[in-house]
Amino acid sequence: MVGTPHKRMRCMASANAPGADRLSSLPDDVIARILSSLNAREAARTIVLSRRRWQTLWRELPRINAEFFEFDTDTEGMETVAEDDEVAFKRFVNRLLELRDPAALMEQFWLRYPSSEQEGIQASSSSSEPNRWIGHAVCNHARSLEFISLISPLEIDHAIFASRYLRKFVFFNVTLSQGFFKQLENGCAKLEDLHLDDCVIKDDEISSQAIKVLTINDSDFSCEYQTTIATPAVTSLSLSCHLGSVPLLNDMPALVTASVDLNGRHIKFDAADMPPLLRSLSDVKQLEFDYSGRQLTIDNNLQWCPKFNNLVNLTLGRWSLDANFYALTVFLQNSPTLEKLTLKLGEFDLETPERIIGELEERSFTCERLKSVEVICLEDDLLANRVEGFFVNNDMTSVQIDIKHLNWKASNVTDVLLSPRWRNLWRFMPCINADLFDFSRETENLEKIVKAEVMLKRFVNRLLELQDPTTMVDTFWLRYSRSDEHDIQPASAEASRWISYAIQKHAWSVELVAMLSLEVDHTKTMQSKKF
């Protein structure tokens, strides 16, 4: 006991010595948490560390992140996958699962895999390996499962889903065949969070007594039959489909928040489908509803909108202003408790054809609790002014109308639409990426090129003007063009001025991608010790 304090002092001294291995002095659970944040290949590489403890610790990690991109040597993108890369990835995952400690429980399994339909290889053969890996995770009591299929949709074997531990799973780009959701309901009775993105759903019923959060984004349904969704415990629903029959929502008494986006001309949906869909959402407190499908002709005697007696927050798309604000008026007539209205008028083509045809006989409404109307639109969208006039003409002058202009997909700056903390954070960004393609990807239409060039100039000038003056710039990336093929000077002067600004802010890296040749003023740009 006498030597204990001295021994402790020697340990502390060695840990604080220059070059000491402080990481290995951490407890196992802390190191496991650190390693779990790495991809599986990175975590496995810790075996090369000198201490014996590191040679087995990676086998007990509660989280596995198997990332194909760590093996991808193809620089041409994900159109194809090099066979050697796929073989190496399969070998690694198989060996990883084989060597893993069988007594170690698995909290999370994350997998990104290229499911490519190669000539001469059947779909069942190409999907057998990842299905086996997913089945291994389910058998090892994984609570969270996420699988991302690259290139082609992967056919999921629903027979592997039998677990009373699974709480959440996320699938991206997979095919779910008939019987999948029945197996899920019976085999995974504790599943609470189901997220499907860009999936092909071939099942006629999605049912569960346990799921509380259901997200189905950009997925395809069958055109031959209508899928029924019956999830009585769901409190949050997000549904976005662009192909096939829009699902029938049935038995959702607990639903509080819903987002429905029917986008594309390939969805099977007409005016008669609107009333039952809205009735299934009529008890929610928060609703976002957008429609961009086929043109709907609505009979002015058709009571297609039910009463939304609990609705507090409502978000509608541009379609709601068609036919002299038809849908917006009807929603307001049937939402007596509404407090906030948000109108998202779109970020793309201002000349989108009207989706609603009809005339409304009774146009008066009263929303006594409505205090705030937020309009999110492009700066030159004339509909915003019409929205203001709409409320004034209905004697709702007390409503506060806030118009927020978007610069197309200038996503960093549109963070201002988030909570107050985000409203100034973008001004301190050390990396600036100004991309012409955020405003238009059209390279043949001169009119659109001119418009995109004007909007990019306005955006970058305003961005640099509002950026915090004390913030230094690390990297400045610019993709720019000029609409005038003969006059190079105006666009070149603008680009040179922006680059000069970045260099004055001590930028380490500057990259300019010119769609048409530009002449950079070297006297303004090449004056920096940091560059």
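Values as computed for the structure displayed
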item	result
Scan of segment 151-179 for residues that are out of contact with any Gly (no Cβ under 6 Å at 6 or more places or on another chain), open to solvent by less than 20 Å² (accessible area, probe 1.4 Å) and either aliphatic (A, V, I, L, M) or within 18 Å of Ala137 (Cα to Cα) (or both), ordered by number	Leu154, Ile156, Ser163, Leu166, Phe169, Phe171, Val174, Leu176
Condition met for Leu316 (open to solvent by less than 40 Å² (accessible area, probe 1.4 Å), among the aliphatic types (A, V, I, L, M) and assigned to a strand (DSSP E or B))	yes
Criterion (closer than 26 Å to Gln209 by Cβ and either touching a residue at least 12 places away in the same chain (Cβ under 8 Å) or of a type in the set (D, E, K, R) (or both)) met by exactly one of Pro275, Pro247	Pro247
Complete set of residues in segment 232-258 that are more than 20 Å from Asp198 (Cβ to Cβ), open to solvent by less than 10 Å² (accessible area, probe 1.4 Å) and of a type in the set (Gly, Ala, Ser)	Ala258
Neighbours by Cβ (under 6 Å, 6+ apart or cross-chain): first from segment 83-109, closer than 17 Å to Glu67 by Cβ and basic (Lys, Arg); second open to solvent by 20 Å² or more (accessible area, probe 1.4 Å) and modelled with pLDDT of 85 or more	Lys90/Glu129
Enumeration of residues in segment 142-187 that are hydrophobic (A, V, I, L, M, F, W, C) and closer than 14 Å to Leu214 by Cβ	Phe169, Val170, Phe171, Leu176, Phe181, Leu184
Enumeration of residues in segment 188-231 that are open to solvent by 30 Å² or more (accessible area, probe 1.4 Å), of a type outside the set (D, E, K, R) and part of a loop (DSSP other than H, G, I, E, B)	Ala189, Gln209, Cys223, Tyr225, Gln226
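Each row is one residue, and each column tells you yes or no for (1) under 22 Å from the mean Cα position of the chain (by Cα); (2) in contact (Cβ under 8 Å) with a residue 12 or more places away in the chain; (3) part of a loop (DSSP other than H, G, I, E, B); (4) crowded, with 16+ Cβ neighbours inside 10 Å.
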position: Val260; (1), (2), (3), (4): yes, yes, no, yes
position: Ala323; (1), (2), (3), (4): no, yes, no, yes
position: Phe331; (1), (2), (3), (4): no, yes, no, yes
position: Pro336; (1), (2), (3), (4): no, yes, yes, yes
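Conditions (1) β-branched (Val, Ile, Thr); (2) open to solvent by 20 Å² or more (accessible area, probe 1.4 Å); (3) not in a loop (DSSP other than H, G, I, E, B), marked per residue:
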| residue | (1), (2), (3) |
| --- | --- |
| Glu362 | no, yes, no |
| Leu370 | no, no, no |
| Arg386 | no, yes, yes |
| Thr397 | yes, yes, no |
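So that you can scan it fast, the table gives a plain yes or no per residue for (1) modelled with pLDDT of 80 or more; (2) charged (D, E, K, R); (3) within 18 Å of Val513 (Cβ to Cβ):
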| residue | (1), (2), (3) |
| --- | --- |
| Pro420 | no, no, no |
| Asn424 | no, no, no |
| Cys431 | no, no, yes |
| Leu436 | no, no, yes |
| Thr443 | no, no, yes |
| Ile449 | no, no, yes |
| Val473 | no, no, yes |
| Trp477 | yes, no, yes |
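The values are calculated or read from the model by the stated rules, or taken from the named source; none is laboratory data. As the structure is a computational prediction, the values presented were derived from the model and not from experiment. A quick note on method: Cβ atoms are made from the backbone with ideal geometry, for glycine too, and the neighbour counts reach across all protein chains shown. Areas reflect the complete protein model, heavy atoms only, side chains present, ligands, DNA and RNA absent. Shrake-Rupley method; radii C 1.70, N 1.55, O 1.52, S 1.80 Å.
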